[in-house]
Each structure stands twice: as C-alpha cells, then as structure tokens.
Amino acid sequence: METKHISIPAILKVEGDTLSHMGEYLAQKDIKKVVIYFGNGLINLFGKKVLDGMEKAGIDVLKYEELDTVDIDDIMPMAFGLSNDTQAVIGIGGGKVIDATKYMCFLRKLPFISVPTSASSDGFCSSTASLIVNGRRSSVPATLAYGIIVDTDAIKSAPQKFIFSGMGDMVAKITAIYDWQFEAEKGFSTINDTSVMLAKNAVNSFVRMPLESISRDVFIRELVNGLTVSGLANEIAGGSAPTSGSEHLISHALDKLLPNPQLHGIQVGIATYIMSLVHEHRYERIRKFLTETGFFDYCKTLNLNKEDYIKAIDMAPAIKPFRHVYLHEEKFRQKAKQVILEDEILKEILE
C-alpha cells in the first residue's frame, strides 16, 4: 500500500501588513519575475503598497492590471498571453480574481500566489475555480496555491458581510463531514481519516473560540487558518467532500434559482443550520455560534424568502447527482422543508 502525496503551499503568511512584504516572501523562494492581477478597484487601495514592496525586494513586475471577469473565454487568452518569463502569477482580491488567476496558472503550469482581501469563503486555498462556462457558473480544476499571503489588516477593512460569509463557509464543515460519513455508510464514498481529522480540528477550533468581537485579529486569523486547513483537507481527499455537503448543494441551487444570490457563505451558513437540524447533530453549537457572532442578525436584514430555500432543497440532488448526501433522499428533503417552516430562528430570517 502506498501513502498519498499531496501539494501544500510553500508560502503561508497570515498576519498584519503582509501586502508590504510580499516581495520579500517571493525573493526567499527565488521568484523574481511576476504578473499581478488585482480585483476591481484594488489598485487604488493596495497597488502602491504592493508595488513598492516588490521593487524594494528586487522583484520584476512584468505586468499588473485589474481583472473583473470569470468567463473562461476571457481567461484562456489572458493565460496564453502571459510572458514566457513569468515565474509566478499573483491574484489579489476577492473570489473573481482569485478564481481567474488560479485557472490561468493551471493552464500555464505556473505557481499561483493567492492574496485574498476578504475571508468570504475557502476559495482562496482550493484547487478548483468557479468560472462561467458556456454562460453558466461551473466548477473547473485549478492550481492549488503555491503561496497564500493574507493581510489581516486588509481583511478587517473589508465590509463585515464578507467576514459573516467566511464564517458561514467555515461552520459548514460540521454538516459536510456528517454528510460524507453518511455517504460512506451508504456505500457511495470512502472516508479519508486524515482529511476528516483536519477538517474537524479546523472547524472545532473556530466555533469554540471566545467571541468577543469578529473584528479582532485573533478571530480573523482563526477564520483564515481554518479555511486554509479546510482547503488542505480537500486536497488530501481528492475532492470537496470534507467541506461541502447538503448545505453547499442548497447554496449552489440558490445560485441557479435567484437573479441576485447572496454571498456564497451567507447562503451556506443558513443551509448549515438547516442541515444540522435535519441531521440532529451539533445544531445547538451551530445555533449558539451563529447567534452570538451576529450572523443571524445580519441575515435578518437581507429579506430572504423561505420559498427560495424550499425550491433549492428540491433542486439540490440534481446539483451533484454523483454524490449521495442526506438531501439525495426524499425523506430528508421533506424534513429540511419542515425545519424551514417550523424553526423559530428561520422564521425570523426567511420571510
């Protein structure tokens, strides 16, 4: 029997003011020529700090520009238009620029440096990208980050809704693991114990921490660390099962149903609470965490519709027909819809 070999980031920095020191981190790995893509509007916010740091470290920035597309037809020519001198590509910003940049690196077999400016999901450390393919949002293979550089000052400066979104995506690991175990018991999957251990440790550490303020450095670091470890759990498992179960199917269905979906982690967080009640597993912990952090209070301001979530539950099995989590069985879909109609917290969130 052979052991499993996986990729892990060679650079991992989660602290304040890392944007100023990126050049130093790259120079230590003998990376001297880079291309940088910024999210929409971020050159004005962070460009000088990043570029000054690169110059100070002797890094040659071959090109830098803003990027605001995840259409695969836009991204492919950009990837093959990169200079052959490029040693790494850096994506700085939110989900769009991170997804587009890591797909370029996948196509060109280049190191990808992930620099998220919000902690709204675990996409910054995953080896898949969410792109528009033939007019529809699709998940495609991408490059696991060679480097993950997180500036906690930048994360804190982003609107608080992004932190709430990251919290929702993080707490989802509880229900995702439970779904994966159910799937394995039914004979549709095989559990990887190391992957489960990593994902469990990450989410348990996060939901058990003191909740003085979600804007504190320690909370931000724990969130980012947890999302990063979750990405490694997926890499070990060879798929997203450790971190994505029924709750993610609901969110993906909402993305298809709604003209203007909420942030991924917001939808996932609500769906996680629903599924914890369906599972009858750790719902008290999830309820306490999402209440005390203000996640539920934020959701009450969004004018969400319970009928949308009910339709999403019905659509969920078709999102990933090759899996067999709780929502693939009719009795559990009915139970999830009953939870939406009867739970007191959900009555306040879903109109």
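Values quoted throughout were computed directly from the atomic coordinates according to the rules given, and no laboratory measurement underlies them. Note that the structure is a prediction, hence the values are computed from the model and not measured. FYI the Cβ positions are ideal-geometry reconstructions off the backbone, even for glycines, and counts take in every protein chain you see.
Between LEU341 and ASN44, the distance separating the two model label sites (each 7 Å from Cα on the Cα→Cβ line) works out to 5.0 nm.
Relative to the longest principal axis of the Cα atoms of the chain, helix 283-292 runs at roughly 60 degrees.
Could you work out [θ]222 nm for the chain from helices alone, using -39500 (n - 2.57) per DSSP H run of at least four and dividing by all its residues? Round to the nearest 500 deg cm²/dmol. Please list the in-between numbers first.
Working: 15 runs with 183 residues, N = 351.
Rounded to the nearest 500, the figure is -16500 deg cm²/dmol.
FRET efficiency for the THR291 to ILE191 pair, using the beta carbon distance and R₀ = 30 Å, is estimated at 0.45.
At 0.36 nm per residue, and after removing the present C-alpha to C-alpha distance, how many nm does the segment from HIS281 to GLN28 gain when stretched out fully?
Values: separation 253, 0.36 × 253 = 91.08 nm, distance 4.57 nm.
Net length gain for the segment: 86.5 nm.
For the chain, the longest principal axis of the alpha carbon atoms and the long axis of helix 246-257 meet at an angle near 80°.
Based on C-alpha pairs under 8 angstrom that are at least 6 apart in sequence, segment 1-115 has a relative contact order of 27 percent. The long axis of helix 217-237 is offset from the longest Cα principal axis of the chain by roughly 80 degrees. Based on Cα contacts under 8 Å between residues 6+ apart, the chain shows a relative contact order of 15 percent.
The trypsin sites (Lys or Arg not before Pro) of segment 94-138 that meet both conditions, a loop assignment by DSSP and at most 14 other Cβ atoms within 10 Å of the site Cβ, are LYS109. Between ASP71 and SER83, the contour length at 0.36 nm per residue exceeds the Cα-Cα span by 2.2 nm. Beta bridges per DSSP, both residues in the chain: antiparallel share near 20 percent.
Using a/c under 1.5 as the rounded threshold, could you call segment 81-154 rounded, prolate or oblate? The axes a ≥ b ≥ c are square roots of the C-alpha gyration tensor eigenvalues, and prolate needs a/b larger than b/c, oblate otherwise. Please report the intermediate quantities before stating the final value.
Details: a/c = 1.90, a/b = 1.06, b/c = 1.79.
In terms of gyration-tensor shape, oblate.
Placing dummy labels 7 Å off each Cα toward the beta-carbon, the span from ASN201 to ASN305 is 4.5 nm. A DSSP coil position with no more than 16 other Cβ atoms inside 10 Å describes the following trypsin sites (Lys or Arg not before Pro) in segment 257-351: LYS300.
At most 14 other Cβ atoms within 10 Å and a DSSP loop assignment: could you name the GluC sites (Glu not before Pro) in segment 236-345 that fit?
On the way: sites: GLU247, GLU280, GLU284, GLU292, GLU307, GLU329, GLU330, GLU342, GLU344; in loops: GLU280, GLU329.
Loop-located and lightly packed - GLU280, GLU329.
Quick one: grab the alpha carbon gyration tensor of segment 160-349, order the square roots of its eigenvalues as a ≥ b ≥ c, and give me rounded if a/c is under 1.5, else prolate or oblate depending on whether a/b is larger than b/c. Because a/c hits 1.5 or more and a/b fails to exceed b/c, segment 160-349 counts as oblate.
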